[in-house]
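*Asks:* Dumping the structure here so I can ask a few things about it.
The values are calculated or read from the model by the stated rules, or taken from the named source; none is laboratory data. What you are looking at is a predicted structure, and each value in this text was computed from that prediction instead of being measured. Using ideal geometry, Cβ is built from the backbone for each residue, glycine included, and neighbour counts are taken over all protein chains shown. With ligands, DNA and RNA removed, areas are computed over all heavy atoms of the protein, side chains included. Shrake-Rupley method; radii C 1.70, N 1.55, O 1.52, S 1.80 Å.
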Amino acid sequence: MDRFLGRVSTPIGLFSPRQERNTALTASIVNKRDVPLSSDQASPATSAETRAAMNYRLSKGEIEQLCAYGERRHHKEGDTLIDEGDVESDVLVLLSGGLNVYLHEDGEERRVGWLEPGQFTGDVSVITGQPALIFARMVADGEVLHLSSAAMRRILVENSELSDVFVTTFTARRAWARSAGRSSVVLLGRALDRESFALRDLLSKHDVPFLWADVDADERGKTMVDRLGFTAEDLPVLVTGAVKHLVRPSIEEAGRALGLDLIPDNACADIIVVGAGPAGLAASVYAASEGLSVVTLDASAPGGQAGTSSKIENYLGFPSGISGQELADRARLQAQKFGVRIASPVHAATLSRDGQDYVLTTGDGRTLKCRAIVVATGANYRRLPIENLESYEGRGVYYGATAMEAQICQGSSIAIVGAGNSAGQGAVFLSKAAKDVHVLYRRNDIRETMSEYLVRRLEETPNIHLHPETEIKALHGDETNLKSVTIKTAGDEKPLDACFVFLFIGAAPCSGWLDETVARDDKGFLKTGSAIANIELVRAGWSLDRMPSQYETTWPRVFAVGDVRAGSVKRVASGVGEGSVVIQAVHRAVSEISR
């Protein structure tokens, strides 16, 4: 029998905030039958290596090391050590006695696991700081080593061996949660409803294990809607606990309910990184690892455009390729391990000066203060100049190709617009699910903008069809979803049977929230270093006796890296490089203030 928090199938903190209470409700309706959570119900697909990591037992020597960071406490039978909703709850190492882990399911307590001596509680949420939604209770008198959230942060930075143990175990438990098909977070909605799609996208990109129930295709989803007393007008509904159900929540409301945005108003940091794509995450990791306090914001989710890529095969160190989302998840966890506070979805609204400090105002009115800013907001794919495009976004028109989009377009004919690597990667990935993939691009030769290995893969995939010198002229459908498109090629217009369209057409920089005196080029990308003209420095009021450094804008200590920077190479590797290198300049610029 497997050990998972002792011998359990669900570790403390395995799910994100406010999730665990509703496990039985979701399991009984969304799953085909109600199966008690127990150790032998773990996903059969879980590898032996993952199982071993989930059930790690600390050695005597490791416990002795941990005692220097924590506090031994004796507890009696019946004592509750973790309550539902506790923020930054302790990691508990059982030394003796018995400790059970429970969920509230259908209003009843159900044990989902127990610890054996030497085992510890927690998953990725320990690193992210999200609140616990399970509760842990002593079932026999014994001793427990308590490791506070502050102590865990010290361990993760100071002790490499113990850090490896905790990070490996926490990530294995989260991976199991995603694959096990059981969660207390349930999203009820319709596959081609834009609000449902946006919430699914939010949960997927933030690595929140959840169950999706399409009420149009899944009889169990309909049953759940009826049981909870909702109607079709209420959808989508996000179930996040036994009592709390969010009806048609906004992305921001859902993010707060799930604990994805934990940044308080008036927070201060040495550096604020705006944008959590490859460049922003790299800057966050290097800044925090060098002792700076870091707050990182993103308007959508960690990963940026790279996070929507199905497979990146030319990134150094990954010969078999890696999905953009997996790369983003690893980088996000690495940043949080060093103490970076990440909040998303959070929009940066304005940036102003307050003496030697900068004040960033968010879209919801919060203010954050810092000494330096790294702008890594990247760029968004451009929209087609088609009259009714917006009405089909999220229900036929999409801007990424991930597993979620592949599920939606299963067995259908689709159109991909674009001739860059992102379009090629998306076409190859979606060809495994779609009936036919039509790649449309204005150029005569796709090799002008796409890597050769991708072009060859497109040409060799039988259900991928290339359409040079072609563009979409019109979208056709009804009030619910897209049905077909009209394409124009060589002066001739004709219909194309494609009910899903994926757009990868150029990029517009996300720089509009910055003051107009932060210099840009004619396309809106931020100028830095030697690209800045003297007159632009005068307009911005540059008063230092030095010129801007390589990645510095016309505002001192405001830096730009990655795709948002004018002249940058629009590649994942270059974004990571710029994000890491810029921190040296940040250190120098901030030290000028103290001098």
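*Asks:* Scan the range 68-83 residue by residue and report those that are open to solvent by less than 40 Å² (accessible area, probe 1.4 Å) and outside any strand (DSSP E or B).
*Replies:* 70
*Asks:* Let me ask something else. The conditions are (1) closer than 20 Å to residue 302 by Cβ; (2) out of contact with any helix residue (DSSP H, G or I) (no Cβ under 8 Å at 6 or more places or on another chain); (3) crowded, with 18+ Cβ neighbours inside 10 Å, and residue 193 fails exactly one of them. Which is it?
*Replies:* (1) is the only condition that residue 193 fails.
*Asks:* Can you pull out every residue in the range 301-349 that is surrounded by fewer than 19 Cβ atoms within 10 Å (Cβ to Cβ), basic (Lys, Arg) and assigned to a helix (DSSP H, G or I)?
*Replies:* Of everything in the range 301-349, just one residue is surrounded by fewer than 19 Cβ atoms within 10 Å (Cβ to Cβ), basic (Lys, Arg) and assigned to a helix (DSSP H, G or I), namely 330.
*Asks:* Mind checking which pairs have a first residue in the range 505-525 that is more than 28 Å from residue 443 (Cα to Cα) and a second that is open to solvent by less than 50 Å² (accessible area, probe 1.4 Å) and acidic (Asp, Glu), Cβ under 6 Å, 6 or more apart or different chains?
*Replies:* Here the result reads 519/536, each pair linking the range 505-525 to a residue that is open to solvent by less than 50 Å² (accessible area, probe 1.4 Å) and acidic (Asp, Glu).
*Asks:* Could you list all residues from the range 541-564 that are touching a residue at least 60 places away in the same chain (Cβ under 8 Å) and open to solvent by 30 Å² or more (accessible area, probe 1.4 Å)?
*Replies:* 563
*Asks:* Scan the range 173-180 and tell me whether some residue there is open to solvent by less than 10 Å² (accessible area, probe 1.4 Å), free of Cβ contacts under 8 Å to residues at least 60 places away in the same chain and not acidic (Asp, Glu).
*Replies:* no
Residue-wise test of (1) hydrophobic (A, V, I, L, M, F, W, C); (2) under 25 Å from residue 325 (Cβ atoms); (3) touching a Gly at 6+ places or on another chain (Cβ under 9 Å).
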site: 406; (1), (2), (3): yes, yes, no
site: 429; (1), (2), (3): yes, yes, no
site: 440; (1), (2), (3): yes, no, yes
site: 476; (1), (2), (3): no, no, no
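*Asks:* I would also like to ask the following. Quick check: is even one residue across the range 433-455 touching a Cys at 6+ places or on another chain (Cβ under 8 Å), under 18 Å from residue 398 (Cα atoms) and open to solvent by 70 Å² or more (accessible area, probe 1.4 Å)?
*Replies:* no
*Asks:* From (1) open to solvent by 10 Å² or more (accessible area, probe 1.4 Å); (2) part of a helix (DSSP H, G or I), pick out the condition that doesn't hold for residue 260.
*Replies:* (2)
*Asks:* A follow-up question, please. Restricting to the range 501-520, count the residues that are touching a strand residue (DSSP E or B) at 6+ places or on another chain (Cβ under 9 Å) and open to solvent by 20 Å² or more (accessible area, probe 1.4 Å).
*Replies:* Looking only at that region, the number is 9.
*Asks:* Need the failing condition index for residue 498 against (1) surrounded by fewer than 20 Cβ atoms within 10 Å (Cβ to Cβ); (2) out of contact with any Gly (no Cβ under 7 Å at 6 or more places or on another chain); (3) farther than 21 Å from residue 321 by Cβ; (4) small (Gly, Ala, Ser), just the number.
*Replies:* Of (1) surrounded by fewer than 20 Cβ atoms within 10 Å (Cβ to Cβ); (2) out of contact with any Gly (no Cβ under 7 Å at 6 or more places or on another chain); (3) farther than 21 Å from residue 321 by Cβ; (4) small (Gly, Ala, Ser), only one is false for residue 498: (1).
*Asks:* Any residue in the range 470-491 that is outside any strand (DSSP E or B) sitting within a Cβ distance under 8 Å of a residue that is open to solvent by less than 30 Å² (accessible area, probe 1.4 Å)? List the pairs, counting only those 6 or more apart or interchain.
*Replies:* 481/392; 481/396
*Asks:* Here's another thing I want to ask about it. For the range 456-469, give me each residue that is within 16 Å of residue 420 (Cβ to Cβ), open to solvent by less than 70 Å² (accessible area, probe 1.4 Å) and not in a strand (DSSP E or B).
*Replies:* Listed by number, the residues that qualify are 458, 468.
*Asks:* Somewhere in the range 225-247, is a residue of a type in the set (A, V, I, L, M, F, W, C), part of a helix (DSSP H, G or I) and touching a residue at least 60 places away in the same chain (Cβ under 8 Å)?
*Replies:* Checked against the condition, which is being of a type in the set (A, V, I, L, M, F, W, C), part of a helix (DSSP H, G or I) and touching a residue at least 60 places away in the same chain (Cβ under 8 Å), the range 225-247 yields no hits at all.
*Asks:* Check the range 569-584 and report whether any residue there is under 16 Å from residue 526 (Cα atoms), over 24 Å from the mean Cα position of the chain (by Cα), modelled with pLDDT under 95 and outside any helix (DSSP H, G or I).
*Replies:* Among the residues of the range 569-584, not one is under 16 Å from residue 526 (Cα atoms), over 24 Å from the mean Cα position of the chain (by Cα), modelled with pLDDT under 95 and outside any helix (DSSP H, G or I), which makes the answer no.
*Asks:* For residue 164, work out the one condition from (1) open to solvent by 30 Å² or more (accessible area, probe 1.4 Å); (2) under 23 Å from residue 247 (Cβ atoms) it doesn't fulfil.
*Replies:* The single condition residue 164 does not satisfy is (2).
*Asks:* Given the conditions (1) in contact (Cβ under 8 Å) with a residue 60 or more places away in the chain; (2) open to solvent by 30 Å² or more (accessible area, probe 1.4 Å); (3) not polar (S, T, N, Q), which single one is not true for residue 531?
*Replies:* If we test residue 531 against (1) in contact (Cβ under 8 Å) with a residue 60 or more places away in the chain; (2) open to solvent by 30 Å² or more (accessible area, probe 1.4 Å); (3) not polar (S, T, N, Q), just (1) comes out false.
*Asks:* Of 592, 536, 552, which residue is among the charged types (D, E, K, R), touching a Phe, Trp or Tyr at 6+ places or on another chain (Cβ under 8 Å) and more than 30 Å from residue 473 (Cα to Cα)?
*Replies:* 552
*Asks:* Within 15 Å of the chain's Cα centre (by Cα) and either crowded, with 22+ Cβ neighbours inside 10 Å or modelled with pLDDT of 85 or more (or both): which single residue out of 287, 213, 276 fits that description?
*Replies:* 276
Yes/no per residue for (1) under 18 Å from the mean Cα position of the chain (by Cα); (2) part of a loop (DSSP other than H, G, I, E, B); (3) at pLDDT below 95:
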| residue | (1), (2), (3) |
| --- | --- |
| 168 | no, no, yes |
| 171 | yes, no, yes |
| 182 | no, yes, yes |
| 188 | no, no, yes |
| 192 | no, yes, yes |
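*Asks:* For the structure I just gave you, tell me whether residue 281 is open to solvent by 20 Å² or more (accessible area, probe 1.4 Å), closer than 19 Å to residue 578 by Cα and either of a type in the set (A, V, I, L, M, F, W, C) or assigned to a helix (DSSP H, G or I) (or both).
*Replies:* no
*Asks:* Out of the range 328-378, which residues are under 14 Å from the mean Cα position of the chain (by Cα) and either farther than 23 Å from residue 290 by Cα or among the polar types (S, T, N, Q) (or both)?
*Replies:* Scanning the range 328-378 gives 334, 336, 344, 345, 346.
*Asks:* Which of the following residues is of a type in the set (Val, Ile, Thr), closer than 21 Å to residue 88 by Cα and part of a strand (DSSP E or B): 295, 273, 359?
*Replies:* 295
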